[in-house]
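First comes the structure, then the notes that go with it.
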Amino acid sequence: MKFNKEIPLKDGGTLLLRSLGAQDAQQALAVCRKTAGETLNLIRYEDEWTMTLEQEAAYLKKTEDDPKSLMLGAFIGDTLAGVGSFLPCAAVDRARHRASLGISILKAYWGRGIGTAIMQTLIDEVKKTAAEQLELEVVAANERAIRLYERFGFVEFARHPRKLKYRDGTYADMVLMMLDLRDKA
């Protein structure tokens, strides 16, 4: 799905939200790796981002060409400050009504309203697809993200105990949340 829009930020700056394409592969990989190194709230460590530049470019092109998916880049000037996406949960009839959401933002850009802008855009755009519910997983200790999701109407529907195991041997529970998109057009 293609998207392009400028949004004013609460600090007076301007955020460009646009779909990422193959030309953005290098920046997108760099942001994914860096955000994974800045927090334990993501599924993988920085060194586990093993996708090649060619694989990332192909993935971004495929996503950009898919009318049921959106890989969104959040740009401050020429800098990719974060990414957000929604993707179908599965391509089978019994799951076509579901989409999954993910967001990651570089730590240097936290607190500027970028997460809010990405969330609003993803929700607005997923409503244009056949998705009836939007789902996400969040580390239970990530209270800041949970508050953001709740502001947009997401509700917890389950917990997955010890879903993540960190290299130091500790665990993290995941909260599963969803947003019902029916009658919310």
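The values are calculated or read from the model by the stated rules, or taken from the named source; none is laboratory data. In this text, all values refer to a predicted model and were calculated from it rather than measured experimentally. Heads up, the Cβs are rebuilt from the backbone with ideal geometry, glycines too, and the neighbour counts pull from every protein chain shown.
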Within segment 53-89, considering residues that are under 25 Å from Leu176 (Cα atoms) and polar (S, T, N, Q), the one farthest from the chain's Cα centre (by Cα):
Thr63
Please specify each residue of segment 5-51 satisfying the condition of being at pLDDT 95 or above, over 26 Å from Arg162 (Cα atoms) and touching a Lys or Arg at 6+ places or on another chain (Cβ under 7 Å).
Leu17, Ser19, Gly21, Ala22
Kindly establish whether Asp124 is out of contact with any Cys (no Cβ under 7 Å at 6 or more places or on another chain), outside any helix (DSSP H, G or I) and surrounded by fewer than 19 Cβ atoms within 10 Å (Cβ to Cβ).
no
Would you point out the residue of segment 18-46, among those that are among the hydrophobic types (A, V, I, L, M, F, W, C) and farther than 24 Å from Asn142 by Cβ, that is surrounded by the fewest Cβ atoms within 10 Å (Cβ to Cβ)?
Ala22
Please specify each residue of segment 23-62 satisfying the condition of being of a type in the set (Gly, Ala, Ser), farther than 16 Å from Gly84 by Cβ and either part of a loop (DSSP other than H, G, I, E, B) or in contact with a Leu (Cβ under 7 Å, 6 or more places away or on another chain) (or both).
Ala25
Give segment 50-86 a look and list any residue that's surrounded by fewer than 17 Cβ atoms within 10 Å (Cβ to Cβ) and either more than 26 Å from Gln120 (Cβ to Cβ) or small (Gly, Ala, Ser) (or both), or say none.
Thr50, Met51, Thr52, Leu53, Glu54, Gln55, Ala58, Gly77
